[in-house]
Amino acid sequence: MHRIELISPAAGERRVWMRVGTLLDGVSAAPLHHANVVYDSKSILFAGEGLPPRDLLNAGQTEPDHDLPQFTLLPGLTDAHTHFFLEGGELDPDKRSAYLKQTPETLLDHAKQRLEKLVRLGVIAARDAGDKDGVGLALSKLCSSAGRPLMPYVDSPGAAIHHRGRYGSFMAEPFEDCFSARQCVEARVKAGADRIKLIPTGIINFKKGAVTSAPQMSAERVGEFVEAAKEFGRQTLAHASGDVGIDHVIDGGVDSIEHGFFVRDDQLARMRDKEIAWVPTFVPVQMQVDQADRMGWDAEIVGNLKKILDAHAKSLVKAHAIGAQVIAGSDAGSYGVAHGLGLLYELELMQRAGLSPLAVINSATGAGSRRLAFKEKFGQIKPGFLSRFILTHHSPLEDVANLRKERIVVFDGAVIASGGDVDASGL
Ligand SMILES: [Zn+2]
């Protein structure tokens with residue numbers, strides 16, 4: 001065991017100088033070796049292979065506080081697609097539907113119980129992808145309040161927007177309740193939405209192995225929402241599966257495409273050209289395979305699911321190869337997808353799909369910070385970014401599954417050591 005006691009920079013102006021064997025900065029295509037990092041309780045002051053400038057160090061300091069040649073330092077992880085109002089890890093369908101019948105206050109209480117656990121798992125940020133119980137909005141508010149507890153950065157779109165009678169009613173309010181796209185967006189923004197979530201398509205019909213319903217929204221309609229969101233300074237994220245619906249959201253100009261099952265290669269190229277990010281969310285579909293017996297799926301359906309996942313894996317490799325922006329997100333809260341642990345599984349599936357461990361890690365760290373307009377600066381180990389990172393002696397470059405093993409998380413002033421086993425209840 002490599003037990004180490006990190007100095008906490010929490011008190012006063014103490015700066016910490018750490019030297020690590022491997023540094024992953026969240027965006028670079030290669031790791032740094034024998035790198036120096038200087039940080040205080042707020043932010044990173046220096047990161048690089050050279051020696052830090054003297055004026056950044058504590059008076060008289062000539063040696064690092066910590067010399068950790070066996071360790072890897074990487075930014076804390078961002079989950080770009082979560083639903084805090086749902087408990088993901090529960091596998092019993094009856095318990096899941098009973099869970100949803102609780103009051104919004106109770107759902108929020110449950111969600112708050114997860115926050116510190118997420119940080120312990122190394123998840124320092126979560127983009128909520130919508131609920132109509134105000135859970136995500138309440139967490140977003142808590143995150144920017146003076147009394148913020150130890151919790152990841154959270155932002156939320158509040159209620160997603162769908163069409164009445166179509167997929168999404170459990171997390172969305174219908175467009176039909178609004179006079180116009182602009183008014184719909186304005187109402188979300190007034191309710192505190194950090195971004196706008198659209199549901200322009202249906203979902204995969206697992207029995208048919210395809211998206212069998214027509215898109216909910218035309219490209220024109222999506223474009224109206226995007227324009228209105230821009231007017232209010234908000235990004236747009238769009239649930240979209242099936243290539244017809246994906247065309248609509250690309251044409252409409254959303255900021256990110258969520259899920260994107262059945263995306264075509266030419267669409268990936270257009271996404272790259274229009275700087276539309278892709279959040280592929282493998283886990284919720286993989287869970288249908290992992291839990292096929294419990295879900296009652298027969299061999300034919302499992303075959304469909306595996307085909308879909310294989311095609312998705314090929315698209316992921318293609319997207320990365322052509323330079324489209326891929327951002328990791330778990331769809332935590334979906335069936336079997338526990339918060340935090342679901343993201344770690346997602347990273348393993350992205351690696352299994354054929355991405356290098358470093359590409360996977362960048363998709364869960366720097367990619368979000370570059371594209372998703374978070375209100376705090378995290379996700380990279382560079383001067384000016386917040387001191388929120390993971391220190392581990394199990395190299396994630398050998399296998400991203402090593403991120404499940406024990407780790408030390410530094411979150412602003414706090415140093416949080418965590419064993420490999422995390423109490424997964426309630427996630
Ligand atoms: Zn979702």
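Only one entry of Gly76, Gly26 meets the criterion of being open to solvent by less than 30 Å² (accessible area, probe 1.4 Å), under 30 Å from Val289 (Cα atoms), away from the ligand (no atom under 16 Å from the Cβ) and of a type outside the set (A, V, I, L, M), and that entry is Gly76. Of the residues making up the range 278-286, at least one is hydrophobic (A, V, I, L, M, F, W, C), assigned to a loop (DSSP other than H, G, I, E, B) and in contact (Cβ under 8 Å) with a residue 12 or more places away in the chain.
Looking across Ala313, Ala238, one residue alone is under 19 Å from Val211 (Cβ atoms), within 21 Å of the chain's Cα centre (by Cα) and surrounded by 23 or more Cβ atoms within 10 Å (Cβ to Cβ). It is Ala238.
Against the criterion of being within 16 Å of the ligand (Cβ to nearest atom) and in contact with a Leu (Cβ under 6 Å, 6 or more places away or on another chain), Ser330 qualifies. The single residue among Ser169, Ser180 that is surrounded by fewer than 18 Cβ atoms within 10 Å (Cβ to Cβ), under 24 Å from the mean Cα position of the chain (by Cα) and farther than 30 Å from Val410 by Cβ turns out to be Ser169. Please verify whether Ser156 is at pLDDT 95 or above and open to solvent by 40 Å² or more (accessible area, probe 1.4 Å), treating the condition exactly as stated. When the stated conditions are applied, Ser156 does not pass them. Considering the range 288-307, the residues that are of a type outside the set (Val, Ile, Thr) and under 18 Å from Val211 (Cα atoms) include one that is nearest to the ligand (Cβ to nearest atom), namely Gln288.
Out of the range 184-219, which residues are of a type outside the set (S, T, N, Q) and surrounded by fewer than 15 Cβ atoms within 10 Å (Cβ to Cβ)? Break it down stepwise before answering.
At the first step, the residues of the range 184-219 found to be of a type outside the set (S, T, N, Q) are 184-200, 202-204, 206-211, 214-215, 217, 219.
Selection gives Lys190, Ala191, Lys207, Lys208, Ala214.
Taking the range 275-287 as the range and being away from the ligand (no atom under 14 Å from the Cβ) and open to solvent by 10 Å² or more (accessible area, probe 1.4 Å) as the test, the residues that pass are Glu275, Gln286.
Exactly one residue among Arg96, Arg120 is in contact with a Ser or Thr (Cβ under 6 Å, 6 or more places away or on another chain) and surrounded by fewer than 23 Cβ atoms within 10 Å (Cβ to Cβ), and that residue is Arg120. Looking only at the range 34-43, decide whether some residue is more than 26 Å from the chain's Cα centre (by Cα) and either open to solvent by 10 Å² or more (accessible area, probe 1.4 Å) or of a type in the set (S, T, N, Q) (or both). Yes - at least one qualifying residue is present in the range 34-43.
Sort through Asp293, Asp273 and tell me the only one that's more than 28 Å from Phe85 (Cβ to Cβ) and free of Cβ contacts under 8 Å to residues at least 12 places away in the same chain. Break it down stepwise before answering.
On the way: Asp293 fails: more than 28 Å from Phe85 (Cβ to Cβ).
The match here is Asp273.
Cβ-Cβ distances below 7 Å connect no pair with a first residue in the range 350-366 that is surrounded by fewer than 19 Cβ atoms within 10 Å (Cβ to Cβ), a second residue that is assigned to a loop (DSSP other than H, G, I, E, B) and among the β-branched types (Val, Ile, Thr), and a separation of six or more residues or different chains.
Could you list, in sequence order, all residues of the range 123-133 that are in a loop (DSSP other than H, G, I, E, B) and either open to solvent by less than 30 Å² (accessible area, probe 1.4 Å) or hydroxyl-bearing (Ser, Thr, Tyr) (or both)?
Of everything in the range 123-133, those that are in a loop (DSSP other than H, G, I, E, B) and either open to solvent by less than 30 Å² (accessible area, probe 1.4 Å) or hydroxyl-bearing (Ser, Thr, Tyr) (or both) turn out to be Ala129, Gly130, Asp131.
Between Val254, Val222, the distinction of being open to solvent by less than 10 Å² (accessible area, probe 1.4 Å) and more than 16 Å from the ligand (Cβ to nearest atom) belongs to Val222 only. Checked against (1) touching a residue at least 24 places away in the same chain (Cβ under 8 Å); (2) within 23 Å of the chain's Cα centre (by Cα), Arg221 passes all but a single condition, namely (2).
The values are calculated or read from the model by the stated rules, or taken from the named source; none is laboratory data. No experiment lies behind these values; they were computed from the predicted model shown. Please note: Cβ atoms are built from the backbone with ideal geometry, for glycine as well, and neighbour counts cover all protein chains shown. Ligands, DNA and RNA are excluded from the accessible area calculation, which covers all protein heavy atoms including side chains. Shrake-Rupley method; radii C 1.70, N 1.55, O 1.52, S 1.80 Å.
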